[in-house]
Amino acid sequence: MELLFDLLTSFQDKNGKLPIFTSMCLMGNPDFEKIKAADYQQYFFQLLHETLKEFPKSNRVLELWKKGFEQNIFVFEIHGREHVNVKQYVKILQSHVGKEGLRYALDHHSVGPIAFNRINYPNYLGALHPETKAEVPELHQYILDAGNLFHYSLGYHPWVFIVPNAEEPKELEFSLNLIGIKYLTRSKKKYIRWVMALLIRSRILQVKRMNSIKSFSIEMHFLSPLLRVNIIILAIGWIAF
């Protein structure tokens, strides 16, 4: 990460601006060991900083994130609480044909496989993609949890949200508004009911937060070929494919 920061600070555009990474942050992961210990009958969540402890020399990660933010080259917005739909994930682990594949991934502290032995799994990676409308209240709580954890970990409220995998139901736009979201990504010709702007994913879109949290801008401009960094999305979580 330090090498990345060195690279970013070594370039400027004609206006003296540095390239910026906008990193979409997941706030945690399934607690794989606890889920396995409960024989897959119960779901447990693990905070991001606890996940980081599993990796060598990870004690400086949050410190480096803060450094990148202060230099305005590595800024954060929210991607979700974790990258799984809890109901679907547990259901597959418990009884789905081909559950052995997902259990194998769990043994290695990972999620991500979409099939096993040519047996497709339901979309468990779509964290806010419910099977029925009855699940929407639980997903509302997922969003509130994600927003609170983001604020606790990073010290400010997120303004941009990119949904994990599949677009959330319209009913959850209000929930996103409650945690401070002002910008949502959508495919073209989609509309929202709340006071938020839509971002259409584009290779010339750069999301930028200034050092002052209240000073926020969306810049739509062409960079020189050398600086065609634009928006780079990092889903910061442990997901293996």
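In vacuo Debye scattering of segment 51-176, one point per C-alpha: log10 I(q)/I(0) at q = 0.09, 0.13, 0.14, 0.18 Å⁻¹? With one equal scatterer per Cα and no solvent, log10 I(q)/I(0) is -0.33, -0.66, -0.76, -1.07. Each of ARG118, ARG60 was scored by other Cβ atoms within 10 Å of its Cβ. Arranged with the fewest first, they read ARG118, ARG60. Put simply, the Cα atoms of segment 21-71 extend 45, 22, 11 Å along their principal axes, the longest span coming first. Using a simple spin-label model with pseudo-atoms 7 Å out from Cα toward Cβ, GLU50 and VAL136 lie 3.1 nm apart. Taken along the Cα-to-beta-carbon direction at a fixed 7 Å, the label points for ALA115 and LEU4 span 3.1 nm. Here the spin labels are modelled as points 7 Å beyond Cα on the Cα-Cβ line, and at ASN59 and GLU100 they lie 4.2 nm apart.
Exceedance of the 24 Å cut-off in Cα-Cα distance is limited, within the set LYS36/LYS99; LYS17/LYS53; LYS36/LYS170; LYS66/LYS170; LYS36/LYS91, to LYS17/LYS53; LYS36/LYS170; LYS66/LYS170.
Amide H contacts of ILE78 (H built 1.01 Å from N, in plane; Pro and chain starts excluded): CYS25, TRP159, VAL160, ILE162 sit under 5 Å, all sequence-distant by 5 or more or on other chains. Estimated from the Cβ-Cβ distance and a Förster radius of 35 angstrom, the FRET efficiency linking ASP39 and TYR152 is about 0.65.
If the chain between HIS108 and GLU70 were fully stretched, how many nm would it gain, using 0.36 nm times the residue separation less the Cα-Cα distance? Show your work: numbers first, answer last.
On the way: separation 38, 0.36 × 38 = 13.68 nm, distance 3.46 nm.
The HIS108-GLU70 span can extend by a further 10.2 nm.
Just so you know, all these numbers are worked out from the coordinates, no wet-lab data involved. Only a predicted model underlies this, so the values are computations on that prediction, with no experimental measurement involved. Cβ coordinates were reconstructed from backbone atoms using ideal geometry, including for glycine residues, and neighbour counts include every protein chain displayed.
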